[in-house]
1. Kindly evaluate ASP100 against the criterion of being in contact with a helix residue (DSSP H, G or I) (Cβ under 7 Å, 6 or more places away or on another chain), touching a residue at least 12 places away in the same chain (Cβ under 8 Å) and open to solvent by 20 Å² or more (accessible area, probe 1.4 Å).
2. Of these, ARG108, ARG93, which one is open to solvent by 20 Å² or more (accessible area, probe 1.4 Å) and closer than 30 Å to TYR166 by Cα?
3. From the list ASN298, ASN292, which residue is at pLDDT 95 or above, open to solvent by 40 Å² or more (accessible area, probe 1.4 Å) and under 23 Å from PRO242 (Cα atoms)?
4. Yes or no: segment 259-268 includes at least one residue that is in contact (Cβ under 8 Å) with a residue 60 or more places away in the chain, part of a helix (DSSP H, G or I), of a type outside the set (Asp, Glu) and under 22 Å from VAL126 (Cα atoms).
5. Kindly list, by first and then second residue, each pair from a residue in segment 276-303 that is in contact (Cβ under 8 Å) with a residue 60 or more places away in the chain to a residue that is of a type in the set (Gly, Ala, Ser), limited to pairs with Cβ atoms under 7 Å and residues at least 6 apart or on different chains.
6. Name every residue in segment 288-321 that is part of a loop (DSSP other than H, G, I, E, B) and within 30 Å of ASP100 (Cβ to Cβ), in order of residue number.
7. Inside segment 160-192, can you point out the residues that are over 14 Å from SER255 (Cβ atoms) and either part of a strand (DSSP E or B) or among the hydroxyl-bearing types (Ser, Thr, Tyr) (or both)?
Amino acid sequence: YNQRYDDVDGANASESLYGGNLSEEIYRYANVVTSMFHDEEFDVIHAHDWVTHPAAKQLKEATGKPLVTHVHITEYDKSGGQGEDEFIKQIEREGMDAADRVVAVSNRVKNHVTEAYGQPADKVDVVHNAPLPMDAGEKAKTFFHDLDQTIVLFAGRVTLQKGPEYFVDAAKEALQHDDDLIFVVAGDGDMLGDVMEQVAHHGISDHFLFTGFYTRDEANALFSMADISVMSSVSEPFGIVPYEAQTMKTPTIISEQSGISEVLNHTFTVDFWDTRRMAEYILSLANYEKMNETMASNGHNEVTNRTWHEPANQCKHIYQDLIEQW
């Protein structure tokens with residue numbers, strides 16, 4: 001394969017991760033994929049998200065093999081519905097149009113794929129994600145716990161889609177009723193500076209910690225230390241963070257505007273914009289120990305019993321159907 005990769009014109013045109021121009025790189029990648037695999041024996045092409053769509057479409061044209069396009073997120077979700085990149089959106093549409101079946105990670109994504117991208121509903125299968133393997137030990141105790149303070153965690157990209165400003169507004173509301181709350185914003189993103197300014201404007205900086213970018217090992221530690229995890233996303237195709245939190249025995253509050261709300265039962269769900277209700281849930285979990293313990297235990301059991309076997313089998317059945325029809 002390496003020899004065939006090197007034979008493709010421009011395959012090594014850039015030493016940087018994505019090259020000087022991402023749009024050029026994805027079409028160069030399409031040429032590489034087609035060169036590498038057009039003579040190989042395989043049954044189905046399965047492509048994930050827009051950067052692989054041109055390669056998958058080109059390989060399908062070269063081989064005549066059926067194509068499955070897997071949609072984890074759309075340009076609408078990434079932009080929060082504001083300022084969508086039409087170039088990316090067009091590639092997404094072309095990839096879905098070329099697909100024989102489309103897999104969406106939630107009913108929320110399926111609805112958007114049918115409405116905004118014109119895909120027939122019977123062409124789109126919903127396959128919900130499962131949690132990643134994580135080891136859950138005893139909950140970690142911190143300096144804040146010694147002071148009888150409750151740690152409330154926001155973890156993820158600090159960007160428009162994730163709704164960090166709503167987390168801050170909920171924190172302001174909750175702190176008016178309980179001063180023993182510490183809010184942790186873990187992650188980096190283009191809105192980090194704005195969120196810090198928002199916290200300062202509300203006069204609650206002494207109740208906030210910002211960790212910046214975190215690693216996988218640090219994520220385990222953060223969820224272990226947290227007493228409550230909040231996902232305030234404005235538009236979340238699925239949302240894996242609540243799985244991570246519940247695996248580490250941390251009760252969750254999640255946005256109604258998320259795909260994971262379709263499958264999680266032992267959680268609080270709230271509209272991202274309803275920061276008063278979000279604050280009420282935070283206060284309930286912070287002040288009613290039995291409620292916190294029950295949701296932590298039930299949530300942990302729920303996510304522990306959910307594995308990748310089911311979504312893998314669903315994808316396998318889709319492959320089998322396509323092969324039988326081809």
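The values are calculated or read from the model by the stated rules, or taken from the named source; none is laboratory data. This one's a predicted model, so the numbers in the text were calculated from it and none came from an experiment. Cβ sites come from the backbone with ideal geometry, for glycine too, and all protein chains shown count toward neighbours. Accessible surface areas use protein heavy atoms only, side chains included; no ligands, DNA or RNA. Shrake-Rupley method; radii C 1.70, N 1.55, O 1.52, S 1.80 Å.
1. Values: in contact with a helix residue (DSSP H, G or I) (Cβ under 7 Å, 6 or more places away or on another chain): yes; touching a residue at least 12 places away in the same chain (Cβ under 8 Å): yes; open to solvent by 20 Å² or more (accessible area, probe 1.4 Å): yes.
Here the answer is yes, as ASP100 does meet what is asked.
2. Numbers: ARG93 fails: closer than 30 Å to TYR166 by Cα.
ARG108 is the lone residue from the list that is open to solvent by 20 Å² or more (accessible area, probe 1.4 Å) and closer than 30 Å to TYR166 by Cα.
3. On the way: ASN292 fails: open to solvent by 40 Å² or more (accessible area, probe 1.4 Å).
On inspection, the qualifying residue turns out to be ASN298.
4. Within segment 259-268 (the criterion being in contact (Cβ under 8 Å) with a residue 60 or more places away in the chain, part of a helix (DSSP H, G or I), of a type outside the set (Asp, Glu) and under 22 Å from VAL126 (Cα atoms)), the answer is yes, since at least one residue qualifies.
5. Every condition considered, the pairs that remain are MET278/ALA170; MET278/SER232; ALA279/ALA170; ALA279/ALA174; ILE282/ALA170; ILE282/ALA174; LEU283/ALA174; HIS300/ALA136.
6. Step one: list which residues in segment 288-321 are part of a loop (DSSP other than H, G, I, E, B), which gives 288, 305-308.
ARG306, THR307, TRP308 - these are the residues of segment 288-321 that are part of a loop (DSSP other than H, G, I, E, B) and within 30 Å of ASP100 (Cβ to Cβ).
7. Pass one, segment 160-192, residues over 14 Å from SER255 (Cβ atoms): 168, 171-192.
Passing the criteria: LEU181, ILE182, PHE183, VAL184, VAL185, ALA186, GLY187.
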